[in-house]
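Here is the structure we will look at, set down as structure tokens.
The values are calculated or read from the model by the stated rules, or taken from the named source; none is laboratory data. What you see is a predicted model, and the numbers here were worked out from it, not measured in a lab. Here the Cβ is made from the backbone with ideal geometry for all residues, glycine too, and neighbour counts use every protein chain on show. Quick note on the areas: whole protein, heavy atoms, side chains included, nothing else; ligands and nucleic acids left out. Shrake-Rupley method; radii C 1.70, N 1.55, O 1.52, S 1.80 Å.
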Amino acid sequence: MHHANHFYGHAHIMARYVGLPEPPRIWGYLQHGWNMYDGFAVGTVFAARYPKFVYSHACARRGWAFGMRDYVVVGAPWNYLLQMEKQDEWAAADHKREGTIVYPFHGWEGQQVAGDHEAYIAEIRETEGDVPITICMYINEYEQPRVRKIYERAGFRVITHGKRGYLWRDTDTEFLYKQLAEVRAHKRVVSNRMTSALLHGALAGAEVGVYGDPMELGDDHAILGGAHRPQALYPEFHQPAVPHDVAREISVMELGADQLLPKEEIIDLFGWAEDFDVEAHTAAEPSYAIDWDAFARRFREAEDFPSARTDSDVPRVRPKGGF
């Protein structure tokens, strides 16, 4: 199925969760990153009647609002990774965490990000104080010496978690494992925009924060809402130090951390069972038959109905035409 199912090693994490050495094809589309749209990249072409596996009900509701259908909530692969890596036990052991890891808002191969990196560095120093700083760049910026060296010259440790992959090639299947190791090593996880990395960090017990120049993505899609939509929806998430309970509540809601499914259900939903029933897992084709009764109602005179005003019993009459 769609190559984005393998981004960041997501398909491999889900395969490991159910006990498979390699991921078979997923019968549908697996969300590969958090966003404020329908859960998928703008312009994704969906084959009709295949399920869209998304992180949360919040994402599914946004997708429905944009006219999408056939959503199935399974939770983010990050949740399953935390389960397999025994996050609760790790947190209970009270490991030492030090410093801050920063995830600057990034572009990708098709869109470049532009902003004032020097100003962002100054704000990081002022906000974080004298602590070890790690800058984690996406591979797109990491492989641009001009951008990477700005942070290196500032004395920061600069790393990348690897490549997400494209067309089933160059996928770093350890991407999220590397992220988990770094998040566990740091006390704080911050960015200049609300991102998947911050939601991941909050679920892994780190303090999170958002501040600094949000930067601009070249040829950004207006429907995504830029930096303004998440700010409007979650203003409490946009501060240098988000209260832990607030960060966790929002992260659970957006990543579906309370939606962890048993492995048998994942096997069934993803089409990984030997006796997988294609028809049973294909959304019903919409009916194009004309409902003549509904059509006729449009031309009937509507009945009287009471006024919506609570202080009046005066009936109001809808005009002819019904709908």
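Put simply, of Glu128, Glu152 the only residue that is modelled with pLDDT of 95 or more, touching a Ser or Thr at 6+ places or on another chain (Cβ under 6 Å) and of a type in the set (Asp, Glu) is Glu128.
Can you tell me which residues in region 13-37 are open to solvent by 40 Å² or more (accessible area, probe 1.4 Å) and either closer than 19 Å to Asp268 by Cβ or of a type in the set (Phe, Trp, Tyr) (or both)?
Listed by number, the residues that qualify are Arg16, Tyr17, Gly19, Leu20, Glu22, Pro24, Arg25, Trp27.
Being in a loop (DSSP other than H, G, I, E, B), open to solvent by 30 Å² or more (accessible area, probe 1.4 Å) and touching a strand residue (DSSP E or B) at 6+ places or on another chain (Cβ under 7 Å) holds for only one residue in Phe40, Phe46, and it is Phe46.
Just for region 215-245: of the residues that are at pLDDT 70 or above and open to solvent by less than 40 Å² (accessible area, probe 1.4 Å), which one is nearest to Arg188 (Cα to Cα)? Only one residue tops the list, namely Val242. Restricting Glu123, Glu118, Glu98, Glu89 to those that are in contact with a Gly (Cβ under 8 Å, 6 or more places away or on another chain) and either open to solvent by 10 Å² or more (accessible area, probe 1.4 Å) or assigned to a loop (DSSP other than H, G, I, E, B) (or both) reduces the list to Glu123. Within 22 Å of Asn35 (Cα to Cα) and of a type in the set (Val, Ile, Thr), is that true of Val158? Spelling it out, it is not the case that Val158 is within 22 Å of Asn35 (Cα to Cα) and of a type in the set (Val, Ile, Thr). Only one of the listed residues (Arg49, Arg69, Arg16, Arg25) is of a type in the set (D, E, K, R), modelled with pLDDT of 95 or more and over 12 Å from the mean Cα position of the chain (by Cα). That residue is Arg16. Candidates in region 152-168 are the residues that are of a type in the set (A, V, I, L, M) and not in a loop (DSSP other than H, G, I, E, B); of these, the one that is nearest to Ala11 (Cα to Cα) is Ile159.
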